[in-house]
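**Student:** Sharing a structure with you now.
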Amino acid sequence: MNRTFLILTAILLLEGNVRAQTTIFYGDQATVVQKTAAFDLAADLKRVTTSRIEVTAYSTKNSLSRGQQVIFVGTPSTHSGIRELVQKGQLSIRPGDPGPEAFLLQSLRDTPRKGTTTLVIAGNDDRGTLYGVYEFSRRILGVDPWEYWTGKHPPKMGPFTIPDLSFREKSPLFPLRGYFDNDDDLIANWKGKRLIIEFDIWKEMINSLARMRYNYIDLHDTFGRAEFWNWDYYKKMGTYHTDLDLINKIIDYAHSKGMLVQAPMYLGWEFYHLDYDKICLSRYFDDWMKVYTYYLTRTPIGKCDLFLQRPRDPWWDSAYRCPEESQAGINPGPLMTKMFNGLLERVNAYRPGGKVICDLWSEGRTMWRANEFNPDRSIDMLWADDGYGAYSEWPDDLKGHHFGIYVHAGFWLNNVVQDPYPEVILKSTREAVKRGLTYNYFVNGQNFKNFILNLEACAHAAWDPQKFDAEKFYLEWTERYFGARSAPLIVESLKQLHNAHEPIGGFAKLMGYTARLLKNLQEGQFKHTDSKPIQTALKTARQSRALAIQAEKWVPEESALLYDDQILFPAKIFQLNLQLACSVADIMNAAADGSDPSLPPSRRKAAVERLSHLEKEAQIHLEKLRQVLQNGSRWKKWAGWYDPDHFRVFTPPPTMDDLKKAVHTVSEKLTL
């Protein structure tokens with residue numbers, strides 16, 4: 001009896017394996033990216049199913065058994081199996097339909113032979129194929145594109161069965177959709193070396209971006225920005241050196257995921273840079289060009305695809321200034337024009353097929369509108385927002401250039417706490433479309449994890465701005481992670497968080513305000529400050545946090561850590577920051593009153609008497625804020641992320657010593 005039972009069990013298991021076996025065939029002429037798509041699909045399937053999954057190259061000699069499931073991954077030009085289905089009229093895909101980066105998901109029964117089921121994931125190009133795989137994994141397998149950052153794992157589903165599918169995705173409106181992460185001290189200091197985003201974290205960023213259909217990345221700070229190796233604040237963290245081997249690995253990995261790589265062609269990178277005493281273009285144009293040539297011929301930058309520059313200072317992210325040129329009345333616009341054209345010549349010479357892109361950030365917009373800056377028309381332009389996703393001005397004349405937009409999903413003035421604004425992103429995107437600025441969608445994210453909601457909104461808006469609905473997206477995003485019951489309250493909490501940002505510009509900008517007040521107090525510069533915007537923001541921030549706390553009771557247990565990290569914790573530290581700013585503003589105003597000889601003695605005395613209470617209040621708020629930042633959210637995976645020692649140079653929270661020095665100066669000067 002035991003022997004019979006074992007035989008029957010073996011037969012059932014064998015039959016089950018045969019029925020459940022799924023073979024993924026990439027094309028017989030598959031590219032590296034198409035192979036990546038096939039193996040990524042296999043990895044996703046293996047995580048969620050109990051079926052045996054195989055991956056192999058397609059061949060007409062492949063033997064298929066009855067009941068077997070087949071997945072074709074590729075394009076008609078690289079996969080003869082897909083091409084045969086097209087020729088037989090069983091599949092509709094041809095150049096231009098569904099178009100660049102688009103794809104189809106189609107299931108076919110009794111194909112390619114009776115008793116088998118075939119799923120075709122096909123695009124006209126590499127990225128269309130890759131995006132088709134990721135759409136299948138998201139739609140059918142429940143794979144979250146942001147899984148590393150959210151901890152949301154796909155549900156287990158037992159044996160895999162190809163579902164009935166017939167889905168076509170059209171091409172994106174914006175052909176280039178890129179991401180760069182700068183001012184990224186929090187993520188760069190989180191683990192491993194200081195001021196370096198490690199390769200494993202870059203991989204997770206690229207994985208998520210590729211699944212969200214971003215098609216290029218900009219490595220930016222990873223090249224080694226000038227302040228990292230020049231400013232004392234950063235020198236105290238240790239000696240900084242650019243890791244060119246790391247950059248090389250990141251470029252290769254991004255390319256394997258179908259992504260282009262953009263190099264910002266600034267001339268102050270640590271590994272090789274222009275001498276700063278050669279900043280004046282009128283005298284040192286050739287020196288600028290020598291650095292560009294070095295980048296393109298002797299560093300990993302030569303493997304990049306896009307080359308970004310700004311008509312600005314070549315080292316610092318600030319306006320270009322050459323005193324001798326200013327004194328001679330030389331306009332920087334024509335000099336910048338010559339510089340860009342020189343860069344273009346070198347890219348064309350040393351990286352054929354590369355594209356030069358100009359980011360008209362800040363005074364670049366002014367140069368453009370004044371018609372002072374007119375580089376070669378083959379250089380694509382990016383029109384920059386005002387820092388928070390919105391545009392107060394647009395170019396009147398595109399001057400024959402392809403134009404795109406530069407959008408901040410996160411800004412350096414709020415890069416600690418997200419400012420969620422999908423509705424702003426949508427409005428700006430649609431206005432850009434109306435004006436013909438649709439060639440490039442360049443997104444700045446700031447520390448990545450803090451802004452994944454806005455990053456996803458940008459991805460959807462860039463692909464199809466007419467289809468994207470900001471309100472539906474808000475609900476879908478919150479329901480996806482925290483459940484339908486809590487979602488409406490969370491959406492309202494996030495909207496209030498955005499409203500709280502508007503009067504004060506964000507967490508980092510507010511921290512800068514507080515730091516300046518403390519410095520002025522230390523120097524005995526007592527002057528009234530208008531704290532009404534901060535008080536208004538604090539009132540709204542309290543509403544945001546209260547709504548978040550209210551919604552928490554309906555958040556599923558498996559989402560509790562993510563909820564704390566993405567919703568509760570940011571609302572908490574934003575409120576604490578506002579409370580500290582209010583307290584320090586009160587100290588400043590009391591000091592101003594106490595030192596104002598035009599006020600009655602009784603009022604001056606009352607102001608001085610308030611200082612003791614105000615000092616204790618500020619100490620409580622500061623100690624609480626620093627402690628909460630040090631501890632971080634309840635999700636210990638991100639321990640150390642918000643460590644006060646990891647902050648950007650402009651935005652670290654003040655120390656208790658800073659506060660005590662300020663109050664000591666006030667007490668000394670206001671002794672009546």
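**Student:** Of HIS621, HIS613, which residue is within 20 Å of MET656 (Cα to Cα) and either touching a His at 6+ places or on another chain (Cβ under 6 Å) or free of Cβ contacts under 8 Å to residues at least 24 places away in the same chain (or both)? Lay out the reasoning, then the answer.
**Tutor:** Numbers: HIS621 fails: either touching a His at 6+ places or on another chain (Cβ under 6 Å) or free of Cβ contacts under 8 Å to residues at least 24 places away in the same chain (or both).
Being within 20 Å of MET656 (Cα to Cα) and either touching a His at 6+ places or on another chain (Cβ under 6 Å) or free of Cβ contacts under 8 Å to residues at least 24 places away in the same chain (or both) holds for just one of HIS621, HIS613, which is HIS613.
**Student:** Within the range 238-249, which residues are assigned to a loop (DSSP other than H, G, I, E, B) and open to solvent by 60 Å² or more (accessible area, probe 1.4 Å)? It would help to see each step written out before you state the result.
**Tutor:** If we filter the range 238-249 for residues that are assigned to a loop (DSSP other than H, G, I, E, B), which is where we start, we get 238-243.
If the condition is that a residue be assigned to a loop (DSSP other than H, G, I, E, B) and open to solvent by 60 Å² or more (accessible area, probe 1.4 Å), then THR239, HIS241 are the ones that fit.
**Student:** Looking at the range 619-639 only, could you name the residues that are in a loop (DSSP other than H, G, I, E, B) and touching a helix residue (DSSP H, G or I) at 6+ places or on another chain (Cβ under 7 Å)?
**Tutor:** Restricting attention to the range 619-639, the residues satisfying the condition of being in a loop (DSSP other than H, G, I, E, B) are 632-635, 639.
Hits for the range 619-639 are GLY632, SER633, ARG634, TRP635.
**Student:** Here's something else I'd like to know. GLY387 fails exactly one of the following numbered conditions: (1) of a type in the set (Gly, Ala, Ser); (2) under 29 Å from SER493 (Cβ atoms); (3) surrounded by fewer than 21 Cβ atoms within 10 Å (Cβ to Cβ); (4) at pLDDT 95 or above. What is the number of that condition?
**Tutor:** GLY387 satisfies all of (1) of a type in the set (Gly, Ala, Ser); (2) under 29 Å from SER493 (Cβ atoms); (3) surrounded by fewer than 21 Cβ atoms within 10 Å (Cβ to Cβ); (4) at pLDDT 95 or above except (4).
**Student:** Test ASP287 against the stated conditions and say whether it is touching a residue at least 12 places away in the same chain (Cβ under 8 Å), in contact with a His (Cβ under 6 Å, 6 or more places away or on another chain) and of a type in the set (Asp, Glu). Lay out the reasoning, then the answer.
**Tutor:** On the way: touching a residue at least 12 places away in the same chain (Cβ under 8 Å): yes; in contact with a His (Cβ under 6 Å, 6 or more places away or on another chain): no; of a type in the set (Asp, Glu): yes.
No: the conditions fail for ASP287.
**Student:** Going residue by residue through the range 222-234, is there one that turns out to be under 24 Å from LYS35 (Cα atoms), touching a residue at least 24 places away in the same chain (Cβ under 8 Å) and either under 18 Å from the mean Cα position of the chain (by Cα) or open to solvent by 10 Å² or more (accessible area, probe 1.4 Å) (or both)?
**Tutor:** Within the range 222-234, the first condition is being under 24 Å from LYS35 (Cα atoms), and the residues that meet it are none.
Scanning the range 222-234, I find no residue that is under 24 Å from LYS35 (Cα atoms), touching a residue at least 24 places away in the same chain (Cβ under 8 Å) and either under 18 Å from the mean Cα position of the chain (by Cα) or open to solvent by 10 Å² or more (accessible area, probe 1.4 Å) (or both), so the answer is no.
**Student:** Pick from GLU492, GLU558: which is open to solvent by 60 Å² or more (accessible area, probe 1.4 Å), touching a Leu at 6+ places or on another chain (Cβ under 8 Å), among the acidic types (Asp, Glu) and not in a loop (DSSP other than H, G, I, E, B)? Please lay out each step first, then the result.
**Tutor:** On the way: GLU558 fails: touching a Leu at 6+ places or on another chain (Cβ under 8 Å).
Testing whether each residue is open to solvent by 60 Å² or more (accessible area, probe 1.4 Å), touching a Leu at 6+ places or on another chain (Cβ under 8 Å), among the acidic types (Asp, Glu) and not in a loop (DSSP other than H, G, I, E, B) leaves just GLU492.
**Student:** Now for a different question. For THR111, all conditions in the list (1) open to solvent by less than 40 Å² (accessible area, probe 1.4 Å); (2) within 16 Å of GLY27 (Cα to Cα); (3) in a loop (DSSP other than H, G, I, E, B) hold save one; what is the number of the exception?
**Tutor:** The number of the failed condition is (2).
**Student:** Pick from the range 250-303 the residues that are in contact with a Ser or Thr (Cβ under 8 Å, 6 or more places away or on another chain) and of a type in the set (Phe, Trp, Tyr): which of them is most open to solvent (accessible area, probe 1.4 Å)? Walk me through it before giving the result.
**Tutor:** Residues of the range 250-303 in contact with a Ser or Thr (Cβ under 8 Å, 6 or more places away or on another chain): 250, 256-258, 269-272.
In the following step, the residues that additionally are of a type in the set (Phe, Trp, Tyr) were identified as 269, 271-272.
Working: TRP269: 8, PHE271: 40, TYR272: 81 Å².
The qualifying residue most open to solvent (accessible area, probe 1.4 Å) is TYR272.
**Student:** When you scan the range 88-102, do you find a residue that is assigned to a strand (DSSP E or B), surrounded by fewer than 21 Cβ atoms within 10 Å (Cβ to Cβ) and of a type in the set (S, T, N, Q), even just one?
**Tutor:** At the first step, the residues of the range 88-102 found to be assigned to a strand (DSSP E or B) are 94, 97.
Within this subset, residues satisfying the condition of being surrounded by fewer than 21 Cβ atoms within 10 Å (Cβ to Cβ) are 94, 97.
Now restrict to residues that are of a type in the set (S, T, N, Q): none.
No, the conditions are met nowhere in the range 88-102.
**Student:** Take the residues in the range 519-536 that are in a loop (DSSP other than H, G, I, E, B) and polar (S, T, N, Q); name whichever of them is most open to solvent (accessible area, probe 1.4 Å).
**Tutor:** Within the range 519-536, the subset in a loop (DSSP other than H, G, I, E, B) is 523-531.
Those left that are additionally polar (S, T, N, Q): 525, 529, 531.
Numbers: GLN525: 97, THR529: 29, SER531: 13 Å².
It comes out as GLN525.
**Student:** Going through the range 401-457 one residue at a time, which ones are of a type in the set (Lys, Arg), in a helix (DSSP H, G or I) and open to solvent by 10 Å² or more (accessible area, probe 1.4 Å)? Reasoning before the result, please.
**Tutor:** Let us first name the residues in the range 401-457 that are of a type in the set (Lys, Arg), namely 427, 430, 434-435, 449.
Remaining after also requiring in a helix (DSSP H, G or I): 427, 430, 434, 449.
Hits for the range 401-457 are LYS427, ARG430, LYS434.
Residues are listed down the side, and each one gets a yes or a no for (1) in contact with a Cys (Cβ under 9 Å, 6 or more places away or on another chain); (2) of a type in the set (D, E, K, R):
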| residue | (1), (2) |
| --- | --- |
| ASP359 | no, yes |
| SER362 | no, no |
| LEU382 | yes, no |
| ASP385 | no, yes |
| ASP396 | no, yes |
| GLY404 | no, no |
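**Student:** Specify which of the listed residues (GLY505, GLY512) is out of contact with any helix residue (DSSP H, G or I) (no Cβ under 8 Å at 6 or more places or on another chain), open to solvent by less than 20 Å² (accessible area, probe 1.4 Å) and on the phi < 0 side of the Ramachandran plot. Break it down into steps so the answer makes sense when it comes.
**Tutor:** Values: GLY505 fails: on the phi < 0 side of the Ramachandran plot.
Within the list GLY505, GLY512, the selection yields GLY512.
**Student:** Quick one: in the range 624-672, of everything that is of a type in the set (Asp, Glu) and over 25 Å from GLY524 (Cβ atoms), which residue is surrounded by the fewest Cβ atoms within 10 Å (Cβ to Cβ)?
**Tutor:** Here is the first cut: in the range 624-672, the residues of a type in the set (Asp, Glu) are 643, 645, 657-658, 668.
The next check asks that each one be over 25 Å from GLY524 (Cβ atoms); those that pass are 643, 645.
Values: ASP643: 16, ASP645: 14.
Among residues in the range 624-672 that are of a type in the set (Asp, Glu) and over 25 Å from GLY524 (Cβ atoms), the one surrounded by the fewest Cβ atoms within 10 Å (Cβ to Cβ) is ASP645.
**Student:** While we're on this one: Among the residues of the range 213-222, which ones are in a helix (DSSP H, G or I) and either of a type in the set (A, V, I, L, M) or under 17 Å from TYR441 (Cβ atoms) (or both)?
**Tutor:** So the first thing to find is which residues in the range 213-222 are in a helix (DSSP H, G or I), and the list is 220-222.
Selection gives HIS220 alone.
**Student:** Of (1) farther than 14 Å from ALA38 by Cβ; (2) touching a residue at least 12 places away in the same chain (Cβ under 8 Å); (3) outside any helix (DSSP H, G or I), LEU85 satisfies all except one. Which?
**Tutor:** LEU85 satisfies all of (1) farther than 14 Å from ALA38 by Cβ; (2) touching a residue at least 12 places away in the same chain (Cβ under 8 Å); (3) outside any helix (DSSP H, G or I) except (3).
**Student:** Tell me, which helices (runs of 4 or more DSSP H) wholly within the range 124-212 include 1 or more residues that are in contact (Cβ under 8 Å) with a residue 60 or more places away in the chain and more than 25 Å from GLY96 (Cβ to Cβ)?
**Tutor:** Details: elements: 126-136, 147-150, 185-188, 199-211.
Filter on the range 124-212 gives 147-150, 185-188, 199-211.
**Student:** Here is a follow-up. Quick check on PRO570: is it buried (at least 19 other Cβ atoms within 10 Å of the Cβ) and not in a helix (DSSP H, G or I)?
**Tutor:** Criteria not met by PRO570.
**Student:** While we're on this one: The conditions are (1) open to solvent by 80 Å² or more (accessible area, probe 1.4 Å); (2) free of Cβ contacts under 8 Å to residues at least 60 places away in the same chain, and ARG485 fails exactly one of them. Which is it?
**Tutor:** (2)
The values are calculated or read from the model by the stated rules, or taken from the named source; none is laboratory data. Values in this document were obtained by computation on a predicted structure and should not be read as measured data. Cβ atoms come from the backbone with ideal geometry, glycine included; neighbour counts cover every protein chain shown. Please note that ligands, DNA and RNA were not included when accessible areas were found on the heavy atoms of the full protein model with its side chains. Shrake-Rupley method; radii C 1.70, N 1.55, O 1.52, S 1.80 Å.
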